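Have a look at the structure below, then the notes.
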Amino acid sequence: MPVSPQSAEGLPRLDSSEGDVILRPLTATDHLDGLVLGEGLGAYCRHRAGQTRMILQRVLAAPEGRLLAALAEDTLIGYLAIFRPAAEERWGQSVGPGLVELGALEVDRAWRRRGLARALLRAAFNGAELDKAIVIAPQYATDWDLEGSGLTWREYRQLILRLFRRHGFAEFVTDEPLVAADPRNCLLVRVGPAAAPALYQAFRSLLTEVSPRVSAAETDRRQHYLGAGFTAIQQINQLPPEEREAIYRRLIPPRVIEASSLEPGTGRDPSGNRLVTYLCPPDQKFVRIEVRADPRDQDCVYLLKLTQPTEELVEIAFIIANDPQAERFDVDRDPAGNPVGILSGIRNPAEEMRAMRAGLAPGQVRRGLRLFRQALPLVESFASELGKEQISVEGLFYHHAILYERYGFGYLTGRDRLEEIHRGFQPGGVLHRRLDGSTPFRVPEASATVRGRSWAIRDGILEEPWRVPRLYKIIGQAMAMPTFPNCVY
């Protein structure tokens, strides 16, 4: 729906087969008077009668609240809402002017698929007004109109990401409770090209809490043992067991605690069985945390290993989360049933094929719990307490590297190779041509998804060993330089 020349009144209009659509700014509650709300609006209130008007009135009554309204004659058929975050919210704390929230973007169901959402965003960011601001746009899965769109939540999420990225937004990692409550949620942020460095630094400080919310007793322990000069995992490993476990158990995400029915303070289930194991030798620079739903289980619900290869950073050596109720695939065993390492090069094609058809990625023995979104802020907070400014990780598989990109990691090594792989999977590229159906892992449609590409690479389509890329992340910051733009997992 292209923007047509401005009307005599100076208001932008949109071409439409049903007539002109006007984009009009609304800045006061009485600007809604006389407007009819489209029947297909209401995604933010479960389409309850009268609720959308109340929501819009609250936006206009809020500090810096304004709407960009799409009007078909006197009917509101779409809107974009911007306001200053409330003082009681994390985003409303201690930042001052310049941080605003794009809290709603909706188009009437009858007017969708005509470019109206793009037009609203383009108009909102066309001038210089928001170039000095930081605009946050939290995305909550509970607000997504899956029924009206006919999309799955994955498709809807990708649609949102593509739409907002066109206008300078990037996904930032945060442990803000509302965003972190659902792994489908995300925080999109646009840092204006003229935003002041001080504003950005103040915003960064809100992304993750300096320390997790813990009991007073644990706070006392942390202050005692993570005080000045306490900068290394090995130092924590040399503490008495109950003290180091009090520190390390804060690295266990809440969802793991729920999935395994463990009592966080003791690491045991209601029957007294120990479900958490901490491997932290006092002479070593690593910690390995294993959580099982049952102590007899072969697979962990959650496994995290952190190391310190240098004094400057903390490295995630590996992180695994398994759904203990999901089917197991013996991709970590050879065809004879003997255990082998996932990275040993020894494959079990029959089990890999079963895993792939079940929607798993290479290396997965069970369906995952989608915990990285919860675990990353905990690792960042832990590293920050040690005085580190960076964390690092290795992309053991292709899909790992792309996942880490999504969560704000950049490349220390391997970016050029990942970009070369992306070009190779484009139509006419060398890898695309090799997707000839010669094996179940080399079907042509594999080029379109992260998981499909990863299985093809696991199958040897590169014709050389996978070169493990090394990525890093500055704590509290997120980079937005994907090697597979707008990817579908």
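The values are calculated or read from the model by the stated rules, or taken from the named source; none is laboratory data. Quick caveat: nothing in here was measured; it's all calculated off a predicted structure. Quick reminder, even Gly has a Cβ in these numbers, built from the backbone with ideal geometry, and neighbours come from all protein chains shown. Just so you know, the surface numbers come from the protein's heavy atoms only, side chains and all, with ligands and any DNA or RNA stripped out. Shrake-Rupley method; radii C 1.70, N 1.55, O 1.52, S 1.80 Å.
Rounded to a whole number, what % of the accessible area of the chain do carbon and sulfur atoms account for, probe 1.4 Å? Here carbon and sulfur together make up 51 percent of the probe-accessible area.
In the chain, the DSSP-assigned H stretches of four residues or longer account for a calculated mean residue ellipticity at 222 nm of -8000 deg cm²/dmol, using -39500 (n - 2.57) per stretch and the full residue count as denominator. Computed over the chain, the P(r) tail beyond 40 angstrom holds 31 percent of alpha carbon pairs. The stretch 311-327 and the stretch 89-108 have Cα centres lying 33 Å from one another.
Modelled label positions at SER261 and ILE346, each set 7 Å beyond Cα in the direction of Cβ, lie 3.6 nm from each other.
Using a probe radius of 1.4 Å on heavy atoms only, what accessible surface per residue do you get for the chain? Whole Å² is fine. Could the numbers behind the result be given before it?
Working: 22600 Å² over 489 residues.
I get 46 Å² per residue for the chain.
Once amide H atoms are placed 1.01 Å from N in the peptide plane, what residues at a sequence separation of 5 or more from GLY40, or on another chain, have their amide H within under 5 Å of its amide H? Answer set, sorted by chain and number: ARG109, ALA110. Residue order by solvent-accessible surface for SER384, SER271, SER454 is SER271, SER384, SER454, largest first, with ligands and nucleic acids left out and a 1.4 Å probe.
The phi-based Karplus calculation (6.51 cos²θ - 1.76 cosθ + 1.60; θ = phi - 60°) puts the 3J(HN,Hα) values of the stretch 353-360 at 5, 5, 5, 4, 5, 8, x, 8 Hz, whole numbers, x for Gly and Pro. Full extension of the chain between SER205 and MET481 gives 97.2 nm of extra length, using 0.36 nm per residue less the Cα-Cα distance.
Across the stretch 457-464, rounded Karplus estimates of 3J(HN,Hα) from the backbone phi angles (6.51 cos²θ - 1.76 cosθ + 1.60, θ = phi - 60°) give 5, 4, 7, x, 5, 6, 6, 7 Hz, Gly and Pro being marked x. Using 0.36 nm per residue and subtracting the Cα-Cα separation, the extra length available between ARG58 and GLU312 on full extension is 86.7 nm. For the stretch 295-419, what does the alpha-carbon gyration tensor say about shape, rounded, prolate or oblate, given a ≥ b ≥ c as the root eigenvalues, a/c under 1.5 as rounded, and a/b over b/c as prolate? Here the stretch 295-419 falls in the prolate category. Largest to smallest in accessible area, the residues ASP323, ASP74 fall in the order ASP74, ASP323 (1.4 Å probe, all protein chains included). The slack in the chain from ASP323 to ARG423, taken as 0.36 nm per residue of separation less the alpha-carbon distance, amounts to 32.6 nm. Note that the stretch 85-214 carries a Kirkwood radius of 15.8 Å, evaluated over its alpha carbons pair by pair.
Its alpha carbons considered, the stretch 148-207 gives a radius of gyration followed by a Dmax of 13.7, 43 Å.
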